[in-house]
1. Given (1) in contact with a Phe, Trp or Tyr (Cβ under 8 Å, 6 or more places away or on another chain); (2) β-branched (Val, Ile, Thr); (3) buried (at least 19 other Cβ atoms within 10 Å of the Cβ), where does residue 143 come up short, assuming only one miss?
2. I need the full set of residues from region 126-143 which are assigned to a helix (DSSP H, G or I) and either in contact with a strand residue (DSSP E or B) (Cβ under 7 Å, 6 or more places away or on another chain) or of a type in the set (Gly, Ala, Ser) (or both), in order please.
3. Scan region 98-125 for residues that are in a helix (DSSP H, G or I) and β-branched (Val, Ile, Thr) and jot them down.
4. Quick check on region 80-98. Is at least one of its residues over 30 Å from residue 134 (Cα atoms), of a type in the set (A, V, I, L, M, F, W, C) and at pLDDT below 80?
5. Please count how many residues of region 48-67 are of a type in the set (A, V, I, L, M) and loosely packed, with under 14 Cβ neighbours inside 10 Å.
6. Are there any pairs with C-beta distances below 9 angstrom linking a residue in region 39-58 that is outside the structural domain of residue 27 (by TED's automatic domain parsing) to a residue that is not basic (Lys, Arg) and not in a helix (DSSP H, G or I), with the two at least 6 apart or on different chains, and if so which?
7. Tell me which of these residue 19 doesn't satisfy, since it passes every other one: (1) under 20 Å from the mean Cα position of the chain (by Cα); (2) modelled with pLDDT of 75 or more; (3) surrounded by 11 or more Cβ atoms within 10 Å (Cβ to Cβ); (4) hydrophobic (A, V, I, L, M, F, W, C).
Amino acid sequence: MKKALIGAAMLSVSSASFAVAPGGPGCGWGNMLFEGKSGMGYHLLATIVNGTSGNATFGMTSGTNGCDVDGELTYAGENMIGAVMDEFSEDVARGEGEALDAVAVTLNVAPQDRPHFAAVMHQHFAQLFPSAEVTAAEVTTQVLAIMQADARLAQYVS
């Protein structure tokens, strides 16, 4: 049950975050139809119109429909650890747990290397969580640095 809740939290955080859409923020017929509107309902309707008709994809490849692929994509959502920060810190302290497994899965750590990942994170608890005020971004930076320094886990860090 806890795995399902953690998975749902991670999914909802990522799907509720808005970024500059591929092709630009005004790309597609859905954006044209609901121009000037705001709120979750209108964003959802615009996404459905764009997705079901494929016009945003066409617009990106042809340079039409208000689409422009020259800009950089952005992401304004929480990072992978932010959604499960409290559970992750508890699991790292214990050296096992579902949030620790969820982060390993998110980082594409192979199943056979996940126990090693958990052990290495446990060994570096003080480095990961130097204070109660540590942010998810700081923890993520440390997780990646620790993985990079470990011969077995370095393969998972790009």
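The values are calculated or read from the model by the stated rules, or taken from the named source; none is laboratory data. Keep in mind that what you see is a predicted model, and the values were worked out from it rather than measured. Glycine gets a Cβ as well: all are built from the backbone with ideal geometry, and neighbour counts include every protein chain shown.
1. (1)
2. Within region 126-143, the subset assigned to a helix (DSSP H, G or I) is 126-128, 136-143.
126, 136, 137 - these are the residues of region 126-143 that are assigned to a helix (DSSP H, G or I) and either in contact with a strand residue (DSSP E or B) (Cβ under 7 Å, 6 or more places away or on another chain) or of a type in the set (Gly, Ala, Ser) (or both).
3. In the first step, residues of region 98-125 are kept if they are in a helix (DSSP H, G or I); the result is 98-106, 111-123, 125.
Residues satisfying the conditions are 103, 105, 106, 120.
4. Here is the first cut: in region 80-98, the ones over 30 Å from residue 134 (Cα atoms) are none.
Looking through region 80-98, none of the residues is over 30 Å from residue 134 (Cα atoms), of a type in the set (A, V, I, L, M, F, W, C) and at pLDDT below 80.
5. Taking region 48-67 first, the residues of a type in the set (A, V, I, L, M) are 48-49, 56, 60.
With the extra rule that they be loosely packed, with under 14 Cβ neighbours inside 10 Å, the set shrinks to 48.
Of the residues in region 48-67, 1 are of a type in the set (A, V, I, L, M) and loosely packed, with under 14 Cβ neighbours inside 10 Å.
6. Close Cβ pairs (under 9 Å, with a partner that is not basic (Lys, Arg) and not in a helix (DSSP H, G or I)) do not exist here.
7. It is condition (2) that residue 19 fails.
Results for (1) within 30 Å of residue 35 (Cβ to Cβ); (2) free of Cβ contacts under 8 Å to residues at least 12 places away in the same chain; (3) of a type in the set (Lys, Arg); (4) surrounded by 14 or more Cβ atoms within 10 Å (Cβ to Cβ), shown as yes or no for each residue.
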{"residue": "70", "(1), (2), (3), (4)": "yes, yes, no, no"}
{"residue": "83", "(1), (2), (3), (4)": "no, no, no, yes"}
{"residue": "98", "(1), (2), (3), (4)": "no, no, no, yes"}
{"residue": "102", "(1), (2), (3), (4)": "no, no, no, yes"}
{"residue": "108", "(1), (2), (3), (4)": "no, no, no, no"}
{"residue": "112", "(1), (2), (3), (4)": "no, yes, no, no"}
{"residue": "132", "(1), (2), (3), (4)": "no, yes, no, no"}
{"residue": "147", "(1), (2), (3), (4)": "no, no, no, yes"}
